[in-house]
Each structure stands twice: as structure tokens, then as C-alpha cells.
1. In sequence order, what are the phi-derived ³J(HN,Hα) couplings for the range 133-149 according to the Karplus relation 6.51 cos²θ - 1.76 cosθ + 1.60 with θ = phi - 60°, rounded to whole Hz, with x for glycine and proline?
2. Could you name the aspartates and glutamates whose alpha carbon sits less than 19 Å from that of Lys84, not counting residues in the same chain fewer than 8 places away?
3. Within the set of other residues whose C-beta is less than 15 Å from the C-beta of Leu178, count the net charge using Lys and Arg as +1 and Asp and Glu as -1.
4. Using a cut-off of 14 Å between beta-carbons, work out the net charge of the residues near Ile109 (Lys and Arg +1, Asp and Glu -1, Ile109 not included).
5. Find out how many positive minus negative residues lie around Leu98, taking Lys and Arg as positive, Asp and Glu as negative, among other residues whose Cβ is under 10 Å from that of Leu98.
6. Which of Glu124, Glu207, Glu68 ends up with the largest GNM mean-square fluctuation for the chain, with Cα atoms connected below 10 Å?
7. Across the range 120-173, how large is the tail of the calculated P(r) beyond 14 Å, expressed as a percent of all Cα pairs?
8. For the chain, what does the helix formula give at 222 nm: sum of -39500 (n - 2.57) over DSSP H segments with n ≥ 4, over the residue count, nearest 500 deg cm²/dmol?
Amino acid sequence: MAIITISRGSYHRGREVAEKLAEKLGYRCISRDILLEASEEFNIPEIKLIRAIQDAPSILNRLTRQKEKYVAYIRTALLKHVQKDNVVYHGLFGHFFLQDIPHVLKVRIVADLEARVAEEVKREAIAPAKAREIIVKDDEERRKWALYLYGADWWDATLYDLVIHLKTITVDNAVDLLFHLVQLPGFQTTPESQAAIDSLVEAARMEAAPVWWEGSKKK
């Protein structure tokens with residue numbers, strides 16, 4: 001039993017790795033699901049949650065505290081999922097939320113910029129220059145948020161157990177590698193690591209609950 005977080009930028013094919021790995025392991029695969037759940041539980045429009053984790057703090061400084069609350073909602077929704085184990089999560093900040101949990105396999109998927117540009121051109125039918133602009137801006141927004149929230153650069157390899165460059169290593173190669181890696185004893189749930197997850201869940205609920213209650217009283 002384990003938890004795998006897969007961090008990736010736009011068009012890194014990290015989603016494909018996550019979905020194939022989850023299928024092979026028989027695990028649940030989650031990503032946008034947690035935004036929908038947080039939106040419903042805390043009565044916040046999903047678009048606001050998306051902006052909270054995509055727009056860098058410098059863009060809307062006056063809303064920074066509010067955006068932090070939205071991130072807290074997202075963290076609460078994710079932690080409730082991983083508390084049950086057997087999960088592959090691909091999305092933003094999963095490796096930060098679970099940084100100190102030993103049985104979480106934290107993976108970073110990277111790819112060459114030109115390969116990502118080609119993928120964006122194909123998907124959106126736009127010019128390569130425009131695709132490159134979008135990807136570079138998206139990467140920088142996410143980097144700024146990571147630095148603001150956690151004081152760490154999400155490109156820092158020490159945040160992950162493994163960084164996989166999808167080039168010579170294919171998506172299927174990556175899935176096979178992770179499938180075998182997660183079987184190692186160090187990534188199996190122990191009573192101590194489960195207790196650590198449970199503590200995180202309780203702390204996240206306490207952080208989010210007062211804000212939710214204040215919002216409810218105003219209705």
C-alpha cells in the first residue's frame with residue numbers, strides 16, 4: 001500500500017504516466033477531482049480554486065491571503081483521499097503537502113521544452129512561438145507560487161525521490177520503473193507513517209473549518 005505523487009509542468013505527459021501507473025497498480029488516480037470536491041465542500045466556485053493555484057501571488061497581491069485559504073481547501077480535499085492509501089495523484093503541490101510522509105513516492109516528470117511546445121501546437125493548433133510563450137509563462141507562475149507558499153523551487157530535485165526525463169525513457173518505461181520502485185519496503189505504509197497522515201488531515205481540517213464557518217454565517 002502506498003501513495004504516489006507525480007509533479008509535472010504543462011504537456012509533460014505526466015498525466016499519461018499517472019493514469020497508466022494507477023491502472024497497473026489497481027490504485028485510484030486523482031487530480032482535478034480534488035478541485036471539484038473542495039468547490040462543493042467549501043462552496044467556492046471551481047474557477048476561483050483553479051486561479052488560486054495557477055496565478056502567481058504577484059498578480060493579485062491584495063487577494064494573497066484569500067488565495068492561501070483556497071490552497072488550504074485544496075490541501076484538505078487531497079489529504080482526505082491519500083489518508084485511504086493506494087492513490088496516484090498528479091497535480092500541483094502534492095509533493096509539498098506530503099513532503100514529510102515517508103511512504104509517499106514523490107516523482108517529477110520532465111521533458112524537453114521543444115517536445116512540450118510541439119505537443120501544445122498539436123493540441124491547440126497554434127503557432128510554435130505562441131505555444132512556447134504559454135508554457136514558459138505557466139511554468140513561471142507555478143514556480144512563483146511554490147516559492148511563495150513553501151519557500152522552495154519546484155524544480156529542486158531534492159524535493160523528489162525520482163526525476164524522470166521523458167525522452168530516451170518512454171511513458172511505458174516510466175510506468176514500469178515506478179511500478180517496481182513503489183514495491184520497495186520504504187514506500188509501504190507503516191503505523192507511524194499512517195499516524196503522520198492522520199495528523200496532517202486533522203490539522204488541515206482545523207485550518208479550513210473556521211474559514212468555512214465564517215463564510216456560512218454570512219449567507
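Please treat every number below as a calculation from the coordinates, not as lab data. Predicted, not measured: the structure shown is a model, and the values here were computed from it. In this analysis, Cβ positions are derived from the backbone assuming ideal geometry, glycine residues included, and neighbour counts consider all displayed protein chains.
1. Going residue by residue, I get 4, 4, 5, 4, 5, 4, 4, 5, 4, 5, 4, 4, 5, 4, 5, 5, 6 Hz, with x marking Gly and Pro.
2. Reachable aspartates and glutamates: Glu19, Glu23, Asp33, Glu37, Glu41, Asp100, Glu192, Asp198, Glu202.
3. Surrounding charge for Leu178 is +1.
4. Details: positive: Arg8, Arg13, Arg15, Lys20, Lys106, Arg108, Arg116, Arg142, Lys167; negative: Glu16, Glu19, Asp112, Glu119, Asp139, Asp161, Asp172.
Charge balance in the 14 Å sphere: +2.
5. On the way: positive: Arg75, Lys106; negative: Asp100.
Here the charged neighbours net out to +1.
6. Glu124
7. Percentage above 14 Å: 69.
8. Details: 9 runs with 127 residues, N = 219.
Result for the chain, helices only: -18500 deg cm²/dmol.
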